[in-house]
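Below: one structure, written as C-alpha coordinates.
The values are calculated or read from the model by the stated rules, or taken from the named source; none is laboratory data. Because the structure is predicted, anything quoted here is derived from the model rather than measured. Here the Cβ is made from the backbone with ideal geometry for all residues, glycine too, and neighbour counts use every protein chain on show. We work out accessible area using only protein heavy atoms, side chains counted, and drop any ligands, DNA or RNA first. Shrake-Rupley method; radii C 1.70, N 1.55, O 1.52, S 1.80 Å.
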Amino acid sequence: MDFTVDKYCQLLDALLQSQMSFHLRHDVDLLPQHSLRTARLEAQRGISATYYFRVVPESYDEQVIKEIKALGHEIGYHYESLTTCNGNIDQAYLDFCTNLERLRTLAPIQSICMHGSPRSPWDSKDIWKKYDYHTLGVAFEPYLDTDFSQSVYLTDTGRRWDGYRVSVRDKIPGFQEEWESLGLKFHSTDEIIEQLLDSDSPLRKSGKKVLLTTHPQRWNPFGFAYVKEFSMQMIKNVYKRMLVKKKIQDNKQ
(Lines give C-alpha, C1' and ligand atoms only; values in the text may rest on other atoms or scores of the structure.)
Protein backbone atom coordinates (compact mmCIF):
# COMPACT_ATOMS: atom_id res chain seq x y z
CA MET A 1 0.00 0.00 0.00
CA ASP A 2 1.23 3.49 -0.79
CA PHE A 3 1.55 6.52 1.52
CA THR A 4 2.00 4.47 4.66
CA VAL A 5 4.66 5.17 7.28
CA ASP A 6 6.41 1.92 6.30
CA LYS A 7 6.47 3.01 2.66
CA TYR A 8 8.03 6.32 3.64
CA CYS A 9 10.77 4.47 5.52
CA GLN A 10 11.41 2.40 2.39
CA LEU A 11 11.71 5.61 0.38
CA LEU A 12 14.22 7.08 2.85
CA ASP A 13 16.31 3.92 2.77
CA ALA A 14 16.28 3.87 -1.03
CA LEU A 15 17.43 7.50 -1.17
CA LEU A 16 20.36 6.67 1.10
CA GLN A 17 21.23 3.48 -0.77
CA SER A 18 21.21 5.28 -4.12
CA GLN A 19 23.88 7.71 -2.91
CA MET A 20 22.22 10.38 -5.03
CA SER A 21 22.27 13.99 -3.86
CA PHE A 22 18.87 14.83 -2.38
CA HIS A 23 17.03 17.28 -0.16
CA LEU A 24 13.79 16.62 1.69
CA ARG A 25 11.21 19.34 2.20
CA HIS A 26 8.07 18.93 4.26
CA ASP A 27 5.06 21.25 4.13
CA VAL A 28 3.37 21.13 7.53
CA ASP A 29 -0.11 22.05 6.40
CA LEU A 30 -1.97 20.04 9.06
CA LEU A 31 -1.42 17.61 11.94
CA PRO A 32 2.03 18.72 13.15
CA GLN A 33 2.46 15.55 15.22
CA HIS A 34 2.72 13.64 11.94
CA SER A 35 5.67 15.84 11.01
CA LEU A 36 7.34 15.07 14.33
CA ARG A 37 7.01 11.36 13.56
CA THR A 38 8.56 11.88 10.13
CA ALA A 39 11.35 14.00 11.62
CA ARG A 40 12.25 11.22 14.07
CA LEU A 41 12.38 8.61 11.30
CA GLU A 42 14.76 10.82 9.32
CA ALA A 43 16.94 11.66 12.32
CA GLN A 44 17.34 7.95 13.05
CA ARG A 45 18.90 7.65 9.58
CA GLY A 46 21.10 10.73 9.90
CA ILE A 47 18.97 12.73 7.45
CA SER A 48 18.35 16.45 7.91
CA ALA A 49 15.28 17.93 6.22
CA THR A 50 13.46 21.27 6.08
CA TYR A 51 10.05 21.61 7.74
CA TYR A 52 7.90 24.54 6.61
CA PHE A 53 5.26 25.53 9.17
CA ARG A 54 2.19 27.63 8.48
CA VAL A 55 1.34 30.18 11.19
CA VAL A 56 -2.22 28.93 11.63
CA PRO A 57 -3.67 26.79 14.45
CA GLU A 58 -3.80 23.59 12.38
CA SER A 59 -0.04 23.73 11.72
CA TYR A 60 1.68 25.99 14.24
CA ASP A 61 2.68 23.98 17.33
CA GLU A 62 5.55 25.54 19.27
CA GLN A 63 6.49 22.34 21.10
CA VAL A 64 6.59 20.32 17.88
CA ILE A 65 8.68 23.01 16.17
CA LYS A 66 11.18 22.96 19.04
CA GLU A 67 11.39 19.16 19.01
CA ILE A 68 11.93 18.98 15.25
CA LYS A 69 14.63 21.64 15.47
CA ALA A 70 16.30 19.70 18.32
CA LEU A 71 16.44 16.64 16.04
CA GLY A 72 18.72 18.60 13.69
CA HIS A 73 16.19 19.67 11.06
CA GLU A 74 15.76 23.13 9.55
CA ILE A 75 12.59 25.08 10.31
CA GLY A 76 11.10 27.29 7.60
CA TYR A 77 8.05 29.52 7.20
CA HIS A 78 5.22 28.25 4.99
CA TYR A 79 3.68 31.61 4.16
CA GLU A 80 0.24 32.37 2.74
CA SER A 81 -0.06 36.06 3.58
CA LEU A 82 -1.48 37.26 0.28
CA THR A 83 -4.38 34.86 0.75
CA THR A 84 -5.04 35.72 4.39
CA CYS A 85 -4.88 39.43 3.52
CA ASN A 86 -7.27 39.09 0.56
CA GLY A 87 -4.78 40.11 -2.09
CA ASN A 88 -3.52 43.34 -0.43
CA ILE A 89 0.24 43.17 -1.01
CA ASP A 90 1.19 45.82 1.56
CA GLN A 91 -0.88 44.20 4.29
CA ALA A 92 0.43 40.80 3.24
CA TYR A 93 4.03 41.96 3.63
CA LEU A 94 3.36 43.25 7.14
CA ASP A 95 1.58 40.00 8.00
CA PHE A 96 4.53 38.04 6.61
CA CYS A 97 7.01 40.03 8.72
CA THR A 98 4.95 39.56 11.88
CA ASN A 99 4.70 35.81 11.41
CA LEU A 100 8.36 35.53 10.48
CA GLU A 101 9.43 37.20 13.72
CA ARG A 102 7.07 34.97 15.68
CA LEU A 103 8.67 31.86 14.21
CA ARG A 104 12.14 33.27 14.83
CA THR A 105 11.50 33.16 18.56
CA LEU A 106 11.60 29.37 18.13
CA ALA A 107 14.19 28.81 15.38
CA PRO A 108 16.52 30.78 13.07
CA ILE A 109 14.35 31.07 9.95
CA GLN A 110 16.39 31.53 6.76
CA SER A 111 14.12 29.64 4.37
CA ILE A 112 10.52 30.34 3.35
CA CYS A 113 8.14 28.55 1.04
CA MET A 114 4.80 29.58 -0.45
CA HIS A 115 1.72 27.65 0.66
CA GLY A 116 -0.33 26.89 -2.45
CA SER A 117 -3.82 27.69 -1.09
CA PRO A 118 -5.54 26.16 -4.16
CA ARG A 119 -8.91 27.71 -3.37
CA SER A 120 -7.42 31.20 -3.27
CA PRO A 121 -7.25 33.44 -6.36
CA TRP A 122 -3.95 34.86 -5.07
CA ASP A 123 -0.43 33.47 -5.30
CA SER A 124 1.54 34.54 -2.23
CA LYS A 125 4.80 34.56 -4.22
CA ASP A 126 3.47 37.75 -5.81
CA ILE A 127 4.45 39.62 -2.63
CA TRP A 128 8.02 39.47 -3.93
CA LYS A 129 7.13 41.40 -7.06
CA LYS A 130 7.12 44.48 -4.80
CA TYR A 131 9.19 43.47 -1.77
CA ASP A 132 12.46 41.58 -1.29
CA TYR A 133 12.59 38.82 1.30
CA HIS A 134 16.41 38.86 1.24
CA THR A 135 16.34 42.17 3.14
CA LEU A 136 14.67 40.27 6.00
CA GLY A 137 17.56 37.85 6.38
CA VAL A 138 15.81 35.15 4.33
CA ALA A 139 18.21 33.34 2.02
CA PHE A 140 16.00 30.87 0.18
CA GLU A 141 12.55 30.38 -1.36
CA PRO A 142 12.55 27.01 -3.17
CA TYR A 143 10.20 28.07 -5.98
CA LEU A 144 12.29 31.17 -6.70
CA ASP A 145 15.88 30.25 -5.78
CA THR A 146 16.27 26.66 -7.01
CA ASP A 147 18.23 25.81 -10.16
CA PHE A 148 15.72 23.34 -11.56
CA SER A 149 17.93 22.63 -14.57
CA GLN A 150 20.17 20.65 -12.21
CA SER A 151 17.36 19.04 -10.21
CA VAL A 152 14.26 16.92 -10.45
CA TYR A 153 11.35 18.00 -8.27
CA LEU A 154 9.07 15.31 -6.85
CA THR A 155 6.07 16.21 -4.72
CA ASP A 156 3.28 14.13 -3.19
CA THR A 157 0.75 16.88 -3.92
CA GLY A 158 -2.60 15.21 -4.56
CA ARG A 159 -1.39 12.08 -2.73
CA ARG A 160 0.36 10.96 -5.89
CA TRP A 161 3.73 11.79 -7.41
CA ASP A 162 2.29 13.04 -10.70
CA GLY A 163 -0.21 15.32 -8.95
CA TYR A 164 1.20 18.39 -10.66
CA ARG A 165 -1.34 17.66 -13.39
CA VAL A 166 -4.14 18.65 -11.00
CA SER A 167 -2.13 21.02 -8.82
CA VAL A 168 -2.93 24.72 -8.95
CA ARG A 169 0.51 25.97 -7.83
CA ASP A 170 2.80 23.14 -6.67
CA LYS A 171 4.44 22.54 -10.04
CA ILE A 172 7.39 23.79 -12.05
CA PRO A 173 6.18 24.90 -15.50
CA GLY A 174 8.61 24.19 -18.31
CA PHE A 175 10.66 21.68 -16.38
CA GLN A 176 7.86 19.14 -15.83
CA GLU A 177 7.86 18.42 -19.57
CA GLU A 178 11.65 18.02 -19.61
CA TRP A 179 11.59 15.58 -16.70
CA GLU A 180 8.84 13.55 -18.37
CA SER A 181 10.90 13.33 -21.58
CA LEU A 182 13.79 11.91 -19.55
CA GLY A 183 11.58 9.23 -18.00
CA LEU A 184 11.40 11.02 -14.65
CA LYS A 185 7.65 10.78 -14.22
CA PHE A 186 6.25 8.78 -11.32
CA HIS A 187 2.83 7.93 -9.98
CA SER A 188 3.55 5.68 -7.00
CA THR A 189 6.27 5.67 -4.34
CA ASP A 190 7.31 2.20 -5.49
CA GLU A 191 8.13 3.61 -8.93
CA ILE A 192 10.52 6.13 -7.35
CA ILE A 193 12.09 3.46 -5.13
CA GLU A 194 12.59 1.17 -8.13
CA GLN A 195 14.54 3.84 -10.04
CA LEU A 196 16.55 4.83 -6.96
CA LEU A 197 17.75 1.25 -6.52
CA ASP A 198 18.49 0.64 -10.22
CA SER A 199 21.85 2.07 -11.27
CA ASP A 200 20.74 1.99 -14.93
CA SER A 201 17.47 3.86 -14.35
CA PRO A 202 16.76 7.29 -15.90
CA LEU A 203 16.77 8.84 -12.42
CA ARG A 204 20.17 7.48 -11.44
CA LYS A 205 21.65 8.27 -14.86
CA SER A 206 20.29 11.82 -14.90
CA GLY A 207 22.86 13.03 -12.38
CA LYS A 208 20.27 15.45 -11.05
CA LYS A 209 19.69 16.32 -7.42
CA VAL A 210 16.43 14.91 -6.09
CA LEU A 211 14.24 17.56 -4.47
CA LEU A 212 11.47 15.70 -2.68
CA THR A 213 8.50 17.39 -1.03
CA THR A 214 6.01 15.59 1.19
CA HIS A 215 3.05 16.57 3.32
CA PRO A 216 3.47 14.39 6.42
CA GLN A 217 -0.25 14.35 7.24
CA ARG A 218 -0.68 12.14 4.15
CA TRP A 219 1.51 9.32 5.45
CA ASN A 220 -0.30 7.06 7.93
CA PRO A 221 -0.34 3.46 9.13
CA PHE A 222 -3.29 1.66 7.55
CA GLY A 223 -6.45 2.33 9.52
CA PHE A 224 -9.07 5.03 9.96
CA ALA A 225 -6.65 7.96 9.49
CA TYR A 226 -5.30 6.36 6.30
CA VAL A 227 -8.77 5.84 4.79
CA LYS A 228 -9.90 9.33 5.82
CA GLU A 229 -6.87 11.00 4.22
CA PHE A 230 -7.27 8.93 1.05
CA SER A 231 -10.96 9.79 0.73
CA MET A 232 -10.55 13.50 1.43
CA GLN A 233 -7.68 13.80 -1.04
CA MET A 234 -9.68 12.18 -3.82
CA ILE A 235 -12.39 14.81 -3.31
CA LYS A 236 -9.80 17.60 -3.28
CA ASN A 237 -8.24 16.33 -6.50
CA VAL A 238 -11.57 16.54 -8.31
CA TYR A 239 -11.98 20.12 -7.11
CA LYS A 240 -8.42 21.07 -8.06
CA ARG A 241 -8.84 19.52 -11.49
CA MET A 242 -11.85 21.75 -12.02
CA LEU A 243 -9.85 24.81 -10.93
CA VAL A 244 -7.00 23.98 -13.30
CA LYS A 245 -9.44 23.45 -16.18
CA LYS A 246 -11.13 26.79 -15.43
CA LYS A 247 -7.77 28.57 -15.30
CA ILE A 248 -6.83 27.17 -18.70
CA GLN A 249 -10.16 28.27 -20.16
CA ASP A 250 -9.79 31.78 -18.66
CA ASN A 251 -6.31 32.11 -20.18
CA LYS A 252 -7.70 31.26 -23.62
CA GLN A 253 -10.32 34.02 -23.44
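Expected output is a single nm value to one decimal: the length gained when fully extending between Gln33 and Met1, i.e. 0.36 nm times separation in residues minus the C-alpha distance. What is it?
On the way: separation 32, 0.36 × 32 = 11.52 nm, distance 2.19 nm.
Length difference between fully extended and current span is 9.3 nm.
Once every DSSP H run of n ≥ 4 in the chain is given -39500 (n - 2.57) and the sum is divided by its residues, what mean residue ellipticity at 222 nm do you get, rounded to the nearest 500 deg cm²/dmol?
Computed mean residue ellipticity for the chain: -13000 deg cm²/dmol.
Give the accessible surface of the range 129-168 per residue, rounded to a whole number of Å², with probe radius 1.4 Å and ligands, DNA and RNA excluded.
Working: 1680 Å² over 40 residues.
Normalised by residue count, the accessible surface of the range 129-168 is 42 Å².
Using R₀ = 41 Å, calculate the FRET efficiency as 1/(1 + (r/R₀)^6) where r is the Cβ-Cβ separation of Gln150 and Val227; round to 0.05. Please report the intermediate quantities before stating the final value.
Numbers: r = 39 Å, r/R0 = 0.95.
Working from the Cβ atoms, E equals 0.55.
Can you give the accessible area of Met1 in Å² (nearest 10), computed on protein heavy atoms with a 1.4 Å probe?
My reading of the accessible area for Met1 is about 130 Å².
Looking at the range 25-121, which trypsin sites (Lys or Arg not before Pro) are DSSP coil and have at most 16 other C-beta atoms within 10 Å of their C-beta? It would help to have the intermediate numbers written out before the result.
Details: sites: Arg25, Arg37, Arg40, Arg45, Arg54, Lys66, Lys69, Arg102, Arg104, Arg119; in loops: Arg45, Arg54, Arg104, Arg119.
Qualifying residues, ordered by number: Arg45, Arg104, Arg119.
So, taking all protein chains as they sit and a 1.4 Å probe, how much accessible area belongs to Asp2, in Å² rounded to tens?
Ignoring ligands and nucleic acids, Asp2 comes out at about 40 Å².
At R0 = 25 Å, how high is the FRET efficiency between Ser21 and Ser201 if r is their beta carbon distance? Nearest 0.05 is fine. Kindly include the intermediate steps, with their values, before the conclusion.
On the way: r = 16 Å, r/R0 = 0.62.
After rounding to 0.05, the efficiency reads 0.95.
State the percentage of accessible surface on the range 26-71 attributable to carbon and sulfur atoms; use a 1.4 Å probe and exclude ligands, DNA and RNA. Write out the running numbers ahead of the final one.
Numbers: 950 of 1940 Å².
Carbon and sulfur: 49 percent of the exposed surface of the range 26-71.
How big is D for the chain, in µm² s⁻¹ as a whole number, if Stokes-Einstein is applied with the Kirkwood radius of its Cα pairs at 10 °C and 1.306 mPa s? All intermediate terms of the calculation are to be shown ahead of the outcome.
Details: Rh = 18.9 Å.
Rounded to a whole number, D works out at 84 µm²/s.
Can you list residues whose amide H is under 5 Å from Ala49's amide H, if they're 5+ apart or on another chain and H is modeled 1.01 Å from N?
Correct list: Glu74.
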